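First comes the structure, then the notes that go with it.
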Amino acid sequence: MSTSFQNLKLDPKLAGFVIPAVVAVAVGIFALGKTVEPGNVGVKIRTLGPLAGVQDEPLGSGWHLNGIGERIIEYPVIQRTYTYTREADERGNENEEIVFSDNTGLPMTADVAVTLQVKAASAPELFETYRLSFDQLLDGPIRNDVRSAIAAETEKVPVETLYSGGRQAVIQRAFAQVNAKWSKLGVNVSQLDWIGSIRYPESVLEQINNKTRLEQEAIAARALAAKAEAEAAAQIAKAKGEAESIRIVNEALSQSPRYVELRAVDKWDGKLPQVTGSATPFVTIPQKRD
């Protein structure tokens, strides 16, 4: 070890002081820096000097030096999906369900998911506008705008519309409102969806179910009435057809020379007259003469 220090022309007595000092300086410099993780950009804020404020250029992923009076805020620039639900999330946020009402003021709640992405170049301006981290934006301004947009659209329709399939059209209109605002700020909102079903008051569900049941019963009654009417019409048509058939047959027979004989045969009861002797009894009908 002594030879090594002589080669470096460093007094061995000083080595015990210089090397720890160099290490301490290196560690101190590294401690002043910040690593921006992949998928994020850094926003540098200076609090001292003539360039104090949010710096215009975002920092790419990697290690960056933080000078005195500087700090770096990370903003994710990959697409993320965030949910606002009744249950607590992984960050400890409690009930974040969205509350809204129909056109009569009937209150309802639902869980909602929003998918969005920050444009890298817009991150510094976004922070300068709100002075919030991205998670704070999600929990605050973005959630407020999602709730307001949904409430504005549900207040235009009755609860029956939401329950019977109109809720998708409602949330698509709300999505258009949210995206129109945040795209101007550098946040692309690509999707807004309901999670599961809307939570309606029990009294409303009961009313809707009763109404649905009555409508189904009315439809079934109309179907039975239509069936009975069709069967009656078929019977009438059948009777008319049989009557017309009889009329045609009678008309044809009345024009036949042997019509009287046929009528007599029709009326014969099948019993032979009582005669004596060897004669063969039968009904004898005189022939019609011209």
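Packing, taken as the mean count of other beta carbons within 10 Å per residue, orders the peptides 125-134, 100-109 from highest to lowest as 125-134, 100-109.
Once you reduce segment 33-107 and segment 149-184 to the center of their Cα atoms, the two points are 26 Å from each other. Extension gain, SER164 to ALA252: 0.36 nm times the residue separation minus the Cα-Cα distance gives 25.2 nm. Note on segment 109-191: Kirkwood hydrodynamic radius from all Cα pairs is 13.7 Å, rounded to one decimal. Spin-label model, ALA237 to LEU106: label points 7 Å out along the Cα-to-beta-carbon direction sit 4.5 nm apart. If you build the convex hull over the alpha carbons only and average its shadow over all orientations, what do you get for segment 189-237? Give it in nm² to one decimal. That works out to 6.6 nm². For the peptides 166-177, 235-246, the ranking by packing is 166-177, 235-246, with the highest mean count of neighbouring Cβ atoms within 10 Å listed first.
Quick note: the coordinates plus some simple rules give every number you see, no bench work behind them. All of these numbers come straight from a predicted model, not from anything done at the bench. Backbone-built Cβ (ideal geometry, glycine too); neighbour counts: all protein chains shown.
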